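To start, the structure itself, in structure tokens.
The values are calculated or read from the model by the stated rules, or taken from the named source; none is laboratory data. All values reported here derive from a predicted model rather than from experimental measurement. Here the Cβ positions follow ideal geometry from the backbone for every residue, glycine too, while neighbour counts run over all protein chains shown. Ligands, DNA and RNA are excluded from the accessible area calculation, which covers all protein heavy atoms including side chains. Shrake-Rupley method; radii C 1.70, N 1.55, O 1.52, S 1.80 Å.
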Amino acid sequence: MRNVALNWVCGRAGRVSGLPRARGRAPRAAAFAAAGTLAGLLAACTGAPVPSSAGAPAAAPVTSGPVTTGPGDSPASAPSASATAPSRPLAGQVVVIDPGHNGDNWAHPSVINQLVNIITEMKPCDTTGTETDAGYTEAAFNFNVAIRLARLLRAEGATVILTRTSNHGVGPCITQRAAIGNRAHADAAISIHADGGPPGGTGFDVIEPGLIPGHTGAIVAPSHRLALDIRAAYHRITGEPYASYVGHDALDVRTDLGGLNLSTVPKVFIECGNMRNASDAAKLSSAAFRQRIAVALAAGFTAFLAPTGGAGTPAASVPAGGSSVPAGGASIPGAP
Ligand SMILES: [Zn+2]
């Protein structure tokens, strides 16, 4: 019942997750109960931004420093793309990676539920994101994949900027997440998510900006090309099917996401899989699969930014369903 209501509220953005399961996180449920407003429910949907007052980190260049481990991470070292990359095809390119949500959003409903203007509507500044039945949060997943992707892109020569540099904070607001990419004059940007769809639904979906006259006109076409490149690489390298419950052939055009509406640079969102589906959840909880996701996304960016330069990169050379993607290392962050 609750899920039905939340699904309705969230619409295509997917179901809430937030309503937290045990795992010693009673305060999270209490915080949401206190918030108990429509804004609170909306805040749990995909894609809402966070305000700068939430302690949003300034745009920070990604560093390769160690972080925390994620579920399934092995003690092996993180893969080094530079070991096999023949060149740096992304030299001179700027990529902004936005790991959706944040690990402590659930504890700060008054912050993330602040309404912000995303042109087409007012939405909560950020949301909690979803989680698997086992309690692996989307925020942790998003951050873990983002760090892996950042490392791969930097190895290819790109300058990479993250919209948040840990999974232990609040926000930033969706407006700030977009602004970080804009200020960086990013050549391409992505917001990484995993969906909270119906338990029977599987697959991934790439979301691109729709036309908002006077706002997104300049980014619609390049964002569509980015979406096609990301979709192709993701499908080929991860083997994940197109989403069965949302979008059309793993593509979706939306004008209700602040991260897209407010972007002035080519940008897409990706829902990497459905955390509410047992099969997808098992994959998303695997460090090896998260590394494969990162490799796939890197290949998508390389295809978009350097279509003639990525043929020999590790990302582009990974066969579909192959086993050549090394598992991630213990130093990869984003685990609970
Ligand atoms: Zn999300």
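Some points to look at:
- Pairs with Cβ under 7 Å, 6+ apart, first in segment 110-135 and over 17 Å from Asp256 (Cβ atoms) and in a loop (DSSP other than H, G, I, E, B), second acidic (Asp, Glu) and within 16 Å of the ligand (Cβ to nearest atom): Thr130/Glu138; Thr130/Asp195
- Qualifying residue in segment 117-132 (condition: more than 16 Å from the ligand (Cβ to nearest atom) and either surrounded by 22 or more Cβ atoms within 10 Å (Cβ to Cβ) or of a type in the set (S, T, N, Q) (or both)): yes
- Residues in segment 269-297 that are part of a loop (DSSP other than H, G, I, E, B) and within 14 Å of the ligand (Cβ to nearest atom): Met275, Arg276.
- Residue ID - farthest from Asp256 (Cα to Cα), chosen from residues in segment 142-168 that are open to solvent by 20 Å² or more (accessible area, probe 1.4 Å) and not in a helix (DSSP H, G or I): Thr159
- Filtering segment 233-268 to residues that are assigned to a helix (DSSP H, G or I) and either over 17 Å from the mean Cα position of the chain (by Cα) or closer than 17 Å to Ile118 by Cα (or both) leaves Arg236, Ile237, Gly258, Gly259, Leu260, Asn261.
- Condition check for Phe204: under 19 Å from Ala250 (Cβ atoms) and either within 16 Å of the ligand (Cβ to nearest atom) or open to solvent by less than 10 Å² (accessible area, probe 1.4 Å) (or both): yes
- Assessment of segment 312-324 against the conditions (open to solvent by 10 Å² or more (accessible area, probe 1.4 Å) and at pLDDT 50 or above) yields no matching residue.
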